[in-house]
1. What residue, among those in the range B:231-278 that are hydroxyl-bearing (Ser, Thr, Tyr) and closer than 27 Å to B:Asp201 by Cα, is surrounded by the most Cβ atoms within 10 Å (Cβ to Cβ)?
2. Exactly one of (1) part of a loop (DSSP other than H, G, I, E, B); (2) within 13 Å of chain B (Cβ to nearest Cβ); (3) at pLDDT 85 or above; (4) more than 30 Å from B:Gly100 (Cβ to Cβ) is unmet by A:Thr79. Its number?
3. Output yes when any residue across the range B:502-515 is more than 11 Å from every other protein chain (Cβ to nearest Cβ) and surrounded by fewer than 18 Cβ atoms within 10 Å (Cβ to Cβ), and no when none is.
4. Filter the range A:1-34 down to the residues that are loosely packed, with under 12 Cβ neighbours inside 10 Å and assigned to a loop (DSSP other than H, G, I, E, B), then identify the one that is modelled with the lowest pLDDT.
5. Among the numbered criteria (1) of a type in the set (S, T, N, Q); (2) more than 25 Å from B:Glu68 (Cα to Cα); (3) part of a helix (DSSP H, G or I); (4) within 12 Å of another protein chain (Cβ to nearest Cβ), which one does B:Thr398 miss?
6. Please note which helices (runs of 4 or more DSSP H) are completely contained in the range B:50-129 and include at least 2 residues that are under 18 Å from the mean Cα position of the chain (by Cα).
7. Taking only the range B:132-147 into account, find how many residues are surrounded by fewer than 24 Cβ atoms within 10 Å (Cβ to Cβ) and touching a Gly at 6+ places or on another chain (Cβ under 8 Å).
8. All but one of (1) part of a helix (DSSP H, G or I); (2) more than 20 Å from B:Phe500 (Cβ to Cβ) hold for B:Gly466; which doesn't?
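The values are calculated or read from the model by the stated rules, or taken from the named source; none is laboratory data. Remember, it's a predicted structure, so these values are computed and weren't measured experimentally. Cβ placement follows ideal geometry from the backbone for every residue including glycine, while neighbour counts extend to all protein chains displayed.
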Amino acid sequence: MSLFDAFRTGWTFRTSTPSLTVGDEVGVFIHRHQEHAGDGDGAATATADATETDAEDGSSSQGVGVASIGDTQLYVDGTGPEHVDKRVRVRITEFDESTATGRGEFVAVVGESSYAG
Amino acid sequence: MINSRSRDRTVTDTATDGGSSAVPDELSDSIGGEEIEFYGGRGMSAVPILFFILWAIFQTAFLRISSERGLVLGILVGLIVGMFFVKGSWRGYASTIFEGMTQPVAVTAIVAWIWAGMFAETLQEGQFVGGLIWFADVTGVTGPLVPAITFVLAALLATGIGTGYGTTIAFVTLFFPAGLVLGANPVLLFGAILSGAIFGDNLAPVSDTTIVSAVTQDSDIGGVVASRFKYAIVAAVVAIIGYIVAGSVMAGADIAADASAILSDESNPAGLVHLLSMGVVIVTAVSGRHIVEAISWGIVVAVVANLALGLASAGKMLTFLAPNTAPGAGLLEPFPIVETFEPGPDASAAVTGSLVEGAAGFFTLSILVLFIIAAAQIMIRGGAFQAVLDWSLDSLATNVRNAELTMVGSAALINATITINTAAEVAIGPYISKVGERFNINGYRRANILDAQTSALGYIFPWSGGVLVGFTTMQDLPDEFGFFTDAMVVNPIDVVPFVFHGWLLVTVFVLAAITGFGREYTIDRESEEVARV
């Protein structure tokens, strides 16, 4: 980013419900793990791949990670309770503009919360 | 878990919450990492930090003692008091103190402060203030425009040296009496000086609060400075207009004296060369260089400018003051940075100069921040932090707009309460971080929300550190200037509404939270490079 761009960035009014683009990879903090992902919130069951990954990790095979990007909700398949408060890279697979709700696949952990508890 | 953050790593394994598995057993005991149980519930883990806040209010607000050493004792006693509420062995509690003190956030802030201190002191030694005085003198500004130009020049100085307190002292000593002679209203003029101090405290890459805001929110300092420019400049433009308007309607003091005579002794146009030193640090940091590298370049430019233009001798920046009986005294005395003295009861050996004094100026604050972070870690391990966070997220920060308003409000409240704003900023930093992360608000935005309230509220109220520093300095003016009467000393309560930039900065962030102005999420842009900091 150039010096000029560094000062120029952010001179906008950003929505509280940002859109996500299918196919993009984004970095987000997971703030909650939701068990029984099929119940409510429109979240579906975890994928088979995620279940295998979970089994290797010894973590839960049920549920999804939930990230709030502003007031947009993103459900992340392939994550377990251990990913809460972690910054993860997620590949977006679905996004519904009308409800500001999306789904994505876990790619990797890329960082942690500033203050681990 | 110890927060060993290597931000750019890509790991697919998942450390468990205990996390200490990565640490050899023989070391784990010394770094904590376990939950601590308290008599009276998890809320009692907040005792050390609450004790410190009460101590800070008692010491700074009620007794008006702005001593960082006193605050160090406050946090130490708080940590001891908190230990008595621990269930079972105190070993884990003691270990958690070490765990907190070894957090990267504390060490990063300390390193940056010390570098910034050397730079700032060298700029002041190099007559940067003299350059600004010369500029003010030649512009020939009088009457209604004096508060506005004072605000701009104070903002420039504070952005260069990063210390609002230093700016306040320098401007109250010189610009304040001169400004009164030029027809400015005393209260308005004091407000303009404090506003300038706020501007620099908020924006300068070498400001202690800027550094704390960046490192507590996992952001690089250069990126933070660039991203907060938009808020600072919006508030500053309105503040300038405010000072022009208020300056034209508020009557000035009627004094028969010569302003140029007051300023001429200190005036030195060559001091303006330090705009270059300041620019080097800002441009280098914003360009993405490490803050230590950026400030080091600034120090090099400042030292060379001081020597080349005769602004400060080598000895003013570094002097080894040694007894003439020292083995190397005779040999080294010809060097400009070595002085000798006859040993005696009133003489003592020392290393002095702007580089030493600038670094040493942050030593006490460095110790203080280590213990505040330790107390915050106790609160995290004991669960009180999570309890406060849960309550906030359930009751206050229910959506991103409310979350940002909560961040603004909480940062403003603690900074309005504790006189030494850097200490307040360190204490509230983890909370701001967690609330912001919950909504994936990026590190720059979080740092900007935090620092705007910290800078602004530290210079508005009668018990604020900046106001106290200015008020104390002002009380010496009647002894120095014949025309300056005690009636011209501004009562701290009177200046509260006239610190325009402070109030505007808070207002800008309230509006920014409501409208989304400047808001950035982690999906828009992540803090440039945390590991670098």
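1. Applying the filter and picking the extreme gives B:Tyr243.
2. That leaves (4) as the condition not met.
3. yes
4. A:Ser2
5. For B:Thr398, the exception is condition (3).
6. Because the criterion is at least 2 residues that are under 18 Å from the mean Cα position of the chain (by Cα), the helices (runs of 4 or more DSSP H) in the range B:50-129 that meet it are B:68-83, B:104-125.
7. Total satisfying the criteria: 5.
8. (2)
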